[in-house]
Amino acid sequence: ELWDLSVSELDASYQYNYNQLLPVFPYSENDGYLNYKEEMDKTIEKLATVISKHPASDWVDDSYLLMAKALFVKRDYENAINTLEYLTTKYSPGYLEKVENNRIKPEKKKKKDRWKKLGKEEDQGPKVTRYVPGNQYDVYDGRIVDKLPAFYEALIWIAHTYTLSENYIFAELALDRFEKYDLPMRIKRLEYPVRALWNIKRQNYSEASNNLKDAIDSSVDHYEKARYAFIRGQIAINKKDYTTARKAFEDCIGFNPRYEMVFAAQIKEIEIQALSGDDGEKVQKSLERMLEDGKNTEYFDKIYFAMARLAMENNRLADAEEFFQKAIQNSTGDEGQLAESYYQLAEMNYNRKDYLDAKYYFDSTLMFMNKSDDRYFYVESN
């Protein structure tokens, strides 16, 4: 519960920058993770108690897995990997089977069948049925079971952790190892977004888009589906595949995410119209209509930013600069959006050799730009 709540809050509090590729896993990109260090330490402490007090329990492997996930949230990737590697070694199906086969089992005493003595039928003895929800059943090793070993999910977390540690070869080995097993969809679906992230980090965007399509098809969370669809749209725009991009943003809106994402997808659809050669005046009027819609008041900065981008596409640089200024003036505190507007103004002034104003705008950009942004060092150096 501690881990689920912490991750849920980190996901919800993450500020999306819709002008940059959205994160596949928002909680792992949220710099607010430090606020949850105490919760993660408490989680690890409780799991250590489970392991020490109940070493023969069926839940020890799950405890190691959740411990690694808590370390992951703390961004202690090294210890997370060590924990996961220990789990997948000591609690692998092959290892457990070997231990079970080598165990000396005491002989069982034969019990007298008192039902036969009483002349009763064999099936009249007391029956005990353990209730397990139907959707929790899995087929494992040819048997129907209600709990899969944590080993399989641990392989996915190994791949996830190695990916964020930029050790892509080891991440690939874990993913390939996972694929060898025939697993139920509730476990299999964990692979697709992790593989998408792995491909994005390696800039293999076409494969990432395919992985995200699989993630959409298998996910049961409409917010996840919407985010994956939005990322697919962003990837398609960068590839100039506007037909696929338009369909992806339509899908995103169809999954009914929060209005902020719906609005961003609508802006992207308007941008696609401009990029695919639609009448610039028609596109401009679409944006102006959005300014007239009362429910878009808190998104005026994004509308003006889109208008500025459209003006730049049509080489109307003076109009673009004015719209970027309006985007800043109408800001509601979205730091990502402010960083983008200041950055564009800085670049425009730098390109026309107005270095004094460019320096001012670069400094303003640094105030709002995330340090993980690929452009941060370039902005800082200016």
### Task
Using per-residue counts of other Cβ atoms within 10 Å, averaged over each peptide, order 149-157, 48-56 from highest down.
149-157, 48-56
### Query
Given +1 on the Cβ of Lys and Arg, -1 on the Cβ of Asp and Glu, and no further charges, what dipole in debye does the chain carry about its Cα centre, rounded to the nearest 20?
2420 debye
### Query
At a Förster distance of 30 Å, what's the computed FRET efficiency of residue 288 paired with residue 376, Cβ-Cβ distance as r, to 0.05?
0.35
### Query
Angle between the Cα long axis of helix 300-313 and the longest principal axis of the chain, 0 to 90 degrees, nearest 10?
60 degrees
### C-alpha long axis of helix 168-179 to longest principal axis of the chain, angle in °
50 degrees
## Note on the structure
Calc'd 3J(HN,Hα), the stretch 51-68, phi into Karplus 6.51 cos²θ - 1.76 cosθ + 1.60 (θ = phi - 60°), Hz, glycine/Pro = x, comes to 5, 6, 8, 10, x, 9, 6, 5, 9, 5, 5, 5, 5, 4, 4, 5, 4, 5
### Query
Quick one: ranking 285, 225, 180 by accessible area, 1.4 Å probe, largest first, what do you get?
180, 285, 225
### Task
Read phi for every residue in the stretch 4-21 and hand back ³J(HN,Hα) as whole Hz from Karplus 6.51 cos²θ - 1.76 cosθ + 1.60, θ = phi - 60°, with x for Gly and Pro.
4, 5, 4, 5, 4, 5, 5, 4, 5, 8, 5, 8, 6, 10, 6, 8, 10, 4
#### Entry: Under 10 Å, Cβ to Cβ, from residue 217 - net charge with Lys/Arg +1 and Asp/Glu -1
+2
## Note on the structure
Karplus ³J(HN,Hα) for the stretch 191-201 (6.51 cos²θ - 1.76 cosθ + 1.60, θ = phi - 60°; Hz, whole; x = Gly/Pro) runs 6, 4, x, 5, 5, 4, 4, 4, 6, 5, 4
### Query
Could you state the principal axis extents of the C-alpha atoms in the chain, from the largest down, to the nearest angstrom?
100, 41, 34
#### Entry: MRE, 222 nm, helices only [DSSP H, n ≥ 4, -39500 (n - 2.57), over the chain, to nearest 500]
-20500 deg cm²/dmol
#### Entry: Farthest positive-ward along the stretch 265-348 dipole, Cα basis, beta-carbon charges - from 317, 303, 328
303
### Query
In degrees from 0 to 90, rounded to the nearest 10, what is the angle of the helix 222-238 Cα long axis to the longest principal axis of the chain?
50 degrees
### Query
All other residues with a Cβ under 13 Å from the Cβ of residue 291 taken together, and with Lys, Arg as +1 and Asp, Glu as -1, what is their net charge?
0
### Summary
In the neighbourhood of residue 43 defined by beta carbon distances under 12 Å, the net charge of the other residues (Lys, Arg +1; Asp, Glu -1) is -1
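The values are calculated or read from the model by the stated rules, or taken from the named source; none is laboratory data. What you are looking at is a predicted structure, and each value in this text was computed from that prediction instead of being measured. Every residue, glycine as well, gets a Cβ built from its backbone with ideal geometry; the counts of neighbours run over all protein chains shown. Quick note on the areas: whole protein, heavy atoms, side chains included, nothing else; ligands and nucleic acids left out. Shrake-Rupley method; radii C 1.70, N 1.55, O 1.52, S 1.80 Å.
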